[in-house]
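Presented below is the structure to which this report refers.
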Amino acid sequence: MGSRASSLLREEDIEEIKKETGFSHSQITRLYSRFHSLDKGENGALSREDFQRIPELAINPLGDRIINAFFPEGEDQANFRGFMRTLAHFRPVEDNEKNKDLTSGEPLNSRTNKLLFAFRLYDLDRDDKISRDELLQVLRMMVGVNISDEQLGSIADRTIQEADTNGDMCISFSEFIKVLEKVDVEQKMSIRFLH
Amino acid sequence: MSPFNNLLCMLLGISFTVWFTLLLVFIIVPAIFGLSFGIRGLYMKTLLKELKEIRRNGSSRDLDGSASSTTTGPSPSTSEFEMSDTFYFCRRGIESIVDDEVTKRFTAEELESWNLLTRSNYNFQHISTRLTVLWGLGVVIRYGFLLPLRLTLAITGVSLLVVFTTMIGFLPNGRVKHFLSEKVHLMCYRICVRALTAIITYHHSENKPKNGGICVANHTSPIDVIILASDGCYAMVGQIHGGLMGLIQKSMVKACPHIWFERSEVKDRHLVAKRLSDHVKDKSKLPILIFPEGTCINNTSVMMFKKGSFEIASTVYPVAIKYDPRFGDAFWNSSKFGMVNYLLRMMSSWAIVCSVWYLPPMSRQEGEDAVQFANRVKAAIARQGGLVDLLWDGGLKRGKVKDTFKEEQQKLYSKILVGTMCLQSSLNMSS
């Protein structure tokens with residue numbers, strides 16, 4: 001029988017997600033259909049295997065790290081709220097002008113929060129610092145076997161040298177923000193969600 | 001016992017006789033001669049009118065995908081590593097999570113407006129009582145009238161096929177046998193076509209496959225075979241099954257040569273290739289029918305063609321099959337439904353409406369390898385059928401994607417970096 005996706009999502013939930021993430025009603029129902037179609041086990045939550053089943057994601061060099069971002073600390077099931085919360089980081093910033101009814105604090109798709117998402121991709125142990133090792137790990141994921149350890153090491157060293165201002169040989173979040181201040185983060189870390 | 005019982009028996013007897021006579025006259029006899037009364041065409045027109053009404057009454061929805069274009073930003077174009085290089089991969093990753101080209105090919109296509117079948121009811125809320133009444137009426141017609149009719153026809157068609165092909169098998173090989181076998185196959189497939197209420201439009205019949213050729217088509221369901229074989233005679237290729245399928249296969253091969261493989265032989269690619277080329281070299285044998293995708297895809301796209309059939313030296317006759325999803329979804333989602341369940345669903349849909357295009361024959365050109373040839377044929381089929389041409393392997397339905405694709409991406413990114421690295425290191429050495 002066809003999927004009764006929308007009937008499992010209640011109006012109150014949609015309203016809450018709307019307030020928290022800033023997505024519109026139709027965007028939320030559409031993304032719920034997508035969530036449902038990825039959820040092969042039909043248990044209302046996505047596992048890492050569900051994400052891995054997307055071929056375009058499986059061949060992405062940073063695929064595993066991106067998938068990780070959907071799972072809160074130590075858990076291996078992502079429910080719809082968490083799914084939407086993570087996707088909300090990638091909402092374009094212009095859309096905020098249309099949705100003024102967001103709750104407290106900064107919207108999930110602010111520049112700072114987008115940068116935080118990218119920072120967390122590097123900072124695997126969540127100690128709020130990108131160490132040389134963590135930087136090397138991400139570099140290795142992106143280049144595969146095509147660059148030698150020495151070359152990669154020198155790239156990492158140069159990057160840390162340029163970014164590190166307090167001499168601790170690690171990149172903190174504020175140093176990360178400073179390094180990327182000229183980069184158009186709002187555009188590069190956004191995707192278009194059709195209404 | 002009582003006169004009432006006698007009356008009942010008489011009535012039942014009469015209705016059965018009437019039923020079968022009607023069946024015979026209006027459906028089976030035309031099937032034998034390849035004629036048509038136009039009943040199915042009329043049926044289709046009526047259905048279309050009804051569905052248009054429903055659409056006007058507002059049970060439709062917008063079907064644009066919920067993602068994104070990939071136009072935002074090029075690949076990391078700077079030639080030195082920057083921490084923002086990860087942004088490109090992040091963006092692509094999230095885009096593929098929101099919508100990707102591959103996973104949606106393995107489930108039934110979504111419809112723009114409801115066609116009164118529960119199974120296609122994805123997100124359509126309760127619109128009106130009128131619609132629900134129509135739906136109820138539809139259920140009664142489909143399950144009460146159409147389904148028994150179609151089942152009778154299907155059983156007739158299959159039994160006639162088995163019986164007649166076995167009988168023909170006793171004849172000595174020669175022109176008579178060949179002629180009869182053709183007629184029998186066509187007749188039985190035509191009955192099966194009517195059993196599914198399949199309304200098929202054939203285009204460009206002048207390009208129909210000839211002996212010694214290989215016919216390739218996009219694959220959506222096992223019904224593809226019935227649709228093609230009711231318009232021409234083919235040699236089928238496949239694995240021998242047990243049970244009813246096996247019985248049908250064994251009797252078919254008595255009447256004319258088909259290529260059936262034992263399960264163990266299927267893995268042996270050389271054996272497969274040899275048997276296919278032997279068959280193709282013999283010009284008296286029928287053209288082979290092959291589905292190079294290797295698995296059923298949901299008829300919105302054409303996925304990678306396996307190169308095996310394109311390595312054999314012969315003319316390839318491409319055929320594009322496109323189903324109209326408004327009347328019933330023909331896609332066989334083998335992870336969800338077994339064969340019997342699937343056939344029952346097919347027989348309780350409104351109809352199977354499809355178009356078949358015979359494309360001009362193609363051969364492998366000088367300097368082209370099998371993979372390039374396969375892609376060329378695939379592109380032609382996709383273009384004709386209005387389907388999306390994908391390079392992804394249909395095997396991704398069940399299996400994981402190969403690591404080589406990831407390695408390619410990594411190589412591309414490395415090239416961008418290494419370019420400047422060589423320059424920098426040589427600068428460092430000289431200074």
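The values are calculated or read from the model by the stated rules, or taken from the named source; none is laboratory data. Please read all numbers here as calculations on a predicted model, not as lab measurements. Ideal geometry is used to build each Cβ from the backbone, glycine not excepted, and the neighbour counts take in all protein chains shown.
When restricted to residues that are buried (at least 22 other Cβ atoms within 10 Å of the Cβ) and in contact with a helix residue (DSSP H, G or I) (Cβ under 6 Å, 6 or more places away or on another chain), region B:217-255 contains 4.
Would you confirm, using the coordinates I've provided, whether B:Ile27 is in a helix (DSSP H, G or I), in contact with a Lys or Arg (Cβ under 6 Å, 6 or more places away or on another chain) and surrounded by 12 or more Cβ atoms within 10 Å (Cβ to Cβ)? So B:Ile27 fits the description; yes. Against the definition (farther than 25 Å from B:Phe331 by Cβ and modelled with pLDDT under 85), how does B:Ala255 come out, yes or no? It is true that B:Ala255 is farther than 25 Å from B:Phe331 by Cβ and modelled with pLDDT under 85. In region A:39-58, the residue that is nearest to B:Trp392 (Cα to Cα) out of those that are away from chain B (no Cβ under 11 Å) and of a type outside the set (Asp, Glu) is A:Arg48. When B:Leu149, B:Leu180 are checked against the criterion of being modelled with pLDDT of 85 or more and crowded, with 17+ Cβ neighbours inside 10 Å, a single residue qualifies: B:Leu180. Could you list, in sequence order, the residues of region B:278-327 that are assigned to a strand (DSSP E or B) and of a type in the set (Asp, Glu)? Across region B:278-327, the qualifying residue is only B:Asp324.
Per-residue answers, yes or no, for (1) in contact with a strand residue (DSSP E or B) (Cβ under 6 Å, 6 or more places away or on another chain); (2) buried (at least 20 other Cβ atoms within 10 Å of the Cβ); (3) of a type in the set (A, V, I, L, M):
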| site | (1), (2), (3) |
| --- | --- |
| B:Glu293 | no, yes, no |
| B:Gly308 | no, no, no |
| B:Thr315 | no, no, no |
| B:Tyr323 | yes, yes, no |
| B:Pro361 | yes, no, no |
| B:Glu368 | no, no, no |
| B:Ala374 | no, yes, yes |
| B:Lys400 | no, no, no |
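Filtering region B:232-277 to residues that are part of a helix (DSSP H, G or I) and closer than 18 Å to B:Ser309 by Cβ leaves B:Glu265, B:Val266, B:Arg269, B:His270, B:Leu271, B:Val272, B:Ala273, B:Lys274, B:Arg275, B:Leu276, B:Ser277. Residues satisfying the criterion are absent from region A:54-62 (criterion: closer than 30 Å to B:Met346 by Cα and either polar (S, T, N, Q) or in contact (Cβ under 8 Å) with a residue 60 or more places away in the chain (or both)).
Any residue at all in region A:138-151 that's out of contact with any Cys (no Cβ under 7 Å at 6 or more places or on another chain), within 11 Å of chain B (Cβ to nearest Cβ) and among the charged types (D, E, K, R)? Yes. Taken together, the residues in region B:381-397 that are out of contact with any helix residue (DSSP H, G or I) (no Cβ under 9 Å at 6 or more places or on another chain) and either within 17 Å of B:Gly294 (Cα to Cα) or surrounded by fewer than 18 Cβ atoms within 10 Å (Cβ to Cβ) (or both) amount to 5. Mind listing whichever residues of region A:62-81 are farther than 18 Å from B:Val102 by Cβ, within 12 Å of chain B (Cβ to nearest Cβ) and not small (Gly, Ala, Ser)? A:Leu62, A:Asp64, A:Arg65, A:Asn68, A:Phe70 - these are the residues of region A:62-81 that are farther than 18 Å from B:Val102 by Cβ, within 12 Å of chain B (Cβ to nearest Cβ) and not small (Gly, Ala, Ser).
Is it the case that some residue within region B:358-371 is of a type in the set (D, E, K, R), within 14 Å of another protein chain (Cβ to nearest Cβ) and over 15 Å from the mean Cα position of the chain (by Cα)? No, region B:358-371 contains no residue that is of a type in the set (D, E, K, R), within 14 Å of another protein chain (Cβ to nearest Cβ) and over 15 Å from the mean Cα position of the chain (by Cα).
Only residues that are of a type in the set (A, V, I, L, M, F, W, C), more than 7 Å from every other protein chain (Cβ to nearest Cβ) and under 32 Å from the mean Cα position of the chain (by Cα) were counted across region B:390-418, and they come to 2.
Taking residues in region A:171-195 that are facing another protein chain (nearest Cβ under 7 Å) and closer than 27 Å to A:Gln27 by Cβ, and partners anywhere that are exposed (fewer than 15 other Cβ atoms within 10 Å of the Cβ) and among the aliphatic types (A, V, I, L, M), not one pair has Cβ atoms closer than 9 Å while being at least 6 places apart or on different chains.
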